[in-house]
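Colleague: Encoded as C-alpha coordinates, here's the structure I'll be asking about.
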Amino acid sequence: MDAKGSIVFAAIGIVAVAVGIFGFGLLLRNGSTADATGVHLRRIEDGQRDLAARIESISQGIDRSTKTVERVAQRVNEVERTIGDAQSRIESGAVRLGENQQRIATGERILQEVRQRGQSENKKP
(Lines give C-alpha, C1' and ligand atoms only; values in the text may rest on other atoms or scores of the structure.)
Protein backbone atom coordinates (compact mmCIF):
# COMPACT_ATOMS: atom_id res chain seq x y z
CA MET A 1 0.00 0.00 0.00
CA ASP A 2 1.36 3.28 -0.96
CA ALA A 3 0.98 6.59 0.83
CA LYS A 4 -1.81 7.71 -1.46
CA GLY A 5 -3.79 4.51 -0.75
CA SER A 6 -3.18 4.90 2.97
CA ILE A 7 -4.47 8.46 2.91
CA VAL A 8 -7.55 7.41 0.96
CA PHE A 9 -8.09 4.49 3.31
CA ALA A 10 -7.65 6.74 6.36
CA ALA A 11 -10.00 9.36 4.86
CA ILE A 12 -12.63 6.72 4.16
CA GLY A 13 -12.18 5.40 7.71
CA ILE A 14 -12.55 8.90 9.18
CA VAL A 15 -15.65 9.56 7.06
CA ALA A 16 -17.08 6.17 8.03
CA VAL A 17 -16.45 6.85 11.74
CA ALA A 18 -17.93 10.38 11.43
CA VAL A 19 -20.99 9.08 9.60
CA GLY A 20 -21.32 6.32 12.19
CA ILE A 21 -21.16 8.74 15.10
CA PHE A 22 -23.40 11.31 13.41
CA GLY A 23 -25.82 8.63 12.26
CA PHE A 24 -25.92 7.05 15.71
CA GLY A 25 -26.66 10.47 17.23
CA LEU A 26 -29.51 10.96 14.71
CA LEU A 27 -30.88 7.53 15.54
CA LEU A 28 -30.81 8.35 19.23
CA ARG A 29 -32.51 11.70 18.69
CA ASN A 30 -35.05 10.23 16.29
CA GLY A 31 -35.60 7.35 18.65
CA SER A 32 -36.45 9.69 21.50
CA THR A 33 -38.69 11.67 19.14
CA ALA A 34 -40.36 8.47 18.07
CA ASP A 35 -40.83 7.51 21.71
CA ALA A 36 -42.35 10.90 22.48
CA THR A 37 -44.61 10.55 19.44
CA GLY A 38 -45.61 7.07 20.60
CA VAL A 39 -46.47 8.40 24.05
CA HIS A 40 -48.48 11.19 22.46
CA LEU A 41 -50.31 8.74 20.19
CA ARG A 42 -51.12 6.50 23.17
CA ARG A 43 -52.56 9.51 25.00
CA ILE A 44 -54.65 10.34 21.94
CA GLU A 45 -55.86 6.72 21.76
CA ASP A 46 -56.77 6.78 25.45
CA GLY A 47 -58.62 10.05 24.92
CA GLN A 48 -60.50 8.55 21.98
CA ARG A 49 -61.47 5.52 24.07
CA ASP A 50 -62.73 7.82 26.83
CA LEU A 51 -64.71 9.86 24.32
CA ALA A 52 -66.15 6.69 22.77
CA ALA A 53 -67.23 5.50 26.23
CA ARG A 54 -68.83 8.87 26.97
CA ILE A 55 -70.62 8.88 23.61
CA GLU A 56 -71.91 5.38 24.31
CA SER A 57 -73.11 6.47 27.74
CA ILE A 58 -74.85 9.51 26.24
CA SER A 59 -76.39 7.33 23.54
CA GLN A 60 -77.75 4.94 26.17
CA GLY A 61 -79.12 7.90 28.12
CA ILE A 62 -80.85 9.19 25.00
CA ASP A 63 -82.34 5.73 24.38
CA ARG A 64 -83.66 5.61 27.96
CA SER A 65 -85.07 9.12 27.61
CA THR A 66 -86.73 8.22 24.32
CA LYS A 67 -88.37 5.17 25.88
CA THR A 68 -89.53 7.28 28.83
CA VAL A 69 -91.02 9.87 26.48
CA GLU A 70 -92.80 7.10 24.55
CA ARG A 71 -94.25 5.69 27.79
CA VAL A 72 -95.39 9.16 28.85
CA ALA A 73 -97.00 9.70 25.44
CA GLN A 74 -98.86 6.39 25.81
CA ARG A 75 -100.07 7.42 29.25
CA VAL A 76 -101.21 10.79 27.90
CA ASN A 77 -103.16 9.00 25.17
CA GLU A 78 -104.76 6.75 27.78
CA VAL A 79 -105.70 9.76 29.92
CA GLU A 80 -107.15 11.52 26.88
CA ARG A 81 -109.25 8.43 26.08
CA THR A 82 -110.38 8.25 29.71
CA ILE A 83 -111.34 11.93 29.67
CA GLY A 84 -113.19 11.43 26.37
CA ASP A 85 -115.09 8.47 27.85
CA ALA A 86 -115.94 10.51 30.95
CA GLN A 87 -117.17 13.41 28.83
CA SER A 88 -119.30 11.04 26.79
CA ARG A 89 -120.80 9.58 29.97
CA ILE A 90 -121.44 13.07 31.34
CA GLU A 91 -123.22 14.08 28.13
CA SER A 92 -125.22 10.86 28.14
CA GLY A 93 -126.08 11.40 31.80
CA ALA A 94 -127.17 14.97 31.05
CA VAL A 95 -129.51 13.72 28.32
CA ARG A 96 -130.98 11.09 30.67
CA LEU A 97 -131.31 13.70 33.40
CA GLY A 98 -133.25 15.94 31.04
CA GLU A 99 -135.51 13.04 30.01
CA ASN A 100 -136.06 12.07 33.65
CA GLN A 101 -136.87 15.66 34.57
CA GLN A 102 -139.50 15.68 31.83
CA ARG A 103 -140.95 12.40 33.13
CA ILE A 104 -141.02 13.75 36.69
CA ALA A 105 -142.76 16.93 35.48
CA THR A 106 -145.30 14.82 33.57
CA GLY A 107 -145.83 12.60 36.62
CA GLU A 108 -146.29 15.63 38.85
CA ARG A 109 -148.92 17.06 36.43
CA ILE A 110 -150.73 13.75 36.32
CA LEU A 111 -150.61 13.53 40.12
CA GLN A 112 -151.94 17.07 40.42
CA GLU A 113 -154.77 16.31 37.98
CA VAL A 114 -155.66 13.14 39.92
CA ARG A 115 -155.73 15.09 43.17
CA GLN A 116 -157.91 17.78 41.63
CA ARG A 117 -160.38 15.15 40.32
CA GLY A 118 -160.42 13.50 43.73
CA GLN A 119 -161.21 16.78 45.41
CA SER A 120 -163.92 17.64 42.94
CA GLU A 121 -165.50 14.17 43.30
CA ASN A 122 -165.42 14.46 47.06
CA LYS A 123 -167.21 17.79 46.85
CA LYS A 124 -170.11 16.39 44.80
CA PRO A 125 -172.91 14.98 47.00
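Colleague: Taking all protein chains as present, what is the carbon and sulfur share of the accessible area of segment 35-125, in % to the nearest whole number, probe 1.4 Å?
Modeller: On the way: 4490 of 8470 Å².
Taking all protein chains in place, segment 35-125 shows 53 percent carbon and sulfur surface.
Colleague: Would you work out which of Ala94, Gln48, Gly38 lies farthest towards the positive end of the dipole of segment 34-109, given +1 charges on the beta-carbon of Lys and Arg and -1 on that of Asp and Glu, about the Cα centre?
Modeller: Highest projection toward the positive end goes to Ala94.
The values are calculated or read from the model by the stated rules, or taken from the named source; none is laboratory data. Given the structure is predicted, the values throughout are model-derived calculations rather than measurements. Every residue, glycine as well, gets a Cβ built from its backbone with ideal geometry; the counts of neighbours run over all protein chains shown. With ligands, DNA and RNA removed, areas are computed over all heavy atoms of the protein, side chains included. Shrake-Rupley method; radii C 1.70, N 1.55, O 1.52, S 1.80 Å.
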